[in-house]
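Colleague: Okay, handing you the structure first.
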Amino acid sequence: MNHRVAVSERLVEQIDAILLDGVTDPDRLAKLGRLGAQLIIQRAVEDEVAAFLGRHSVTGLLRAPQLGASPGQKLPELRPARTRQRARTALA
């Protein structure tokens, strides 16, 4: 079975490794700062994705909500656009 590890967990492991070895020079301190910033952003992204999936998993549709759509409102079916035909008609 393929076991996936969240990116934030890998970042935590890297931060822990640096802290266990000790911050002995400016380069390691800079790397620790970069990893910390990445961790903050990554956790925010993971939280947003989890919240989005939690809100939209009830309908089974993973589409972004449309402006003006109210909760529980059935969204219209998506149809292919006919932009080429319209463009040819406009140019003629």
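Colleague: Mind listing just one residue for me: the one in the stretch 1-25 that is polar (S, T, N, Q) and assigned to a helix (DSSP H, G or I) and, of those, farthest from VAL45 (Cα to Cα)?
Modeller: GLN14
Colleague: Could you say whether any residue in the stretch 45-56 is surrounded by 11 or more Cβ atoms within 10 Å (Cβ to Cβ), hydrophobic (A, V, I, L, M, F, W, C) and at pLDDT below 90?
Modeller: Taking every residue of the stretch 45-56 in turn, at least one turns out to be surrounded by 11 or more Cβ atoms within 10 Å (Cβ to Cβ), hydrophobic (A, V, I, L, M, F, W, C) and at pLDDT below 90.
The values are calculated or read from the model by the stated rules, or taken from the named source; none is laboratory data. Remember, it's a predicted structure, so these values are computed and weren't measured experimentally. Note that each Cβ is placed from the backbone with ideal geometry, even for glycine, and that neighbours are counted across all protein chains shown.
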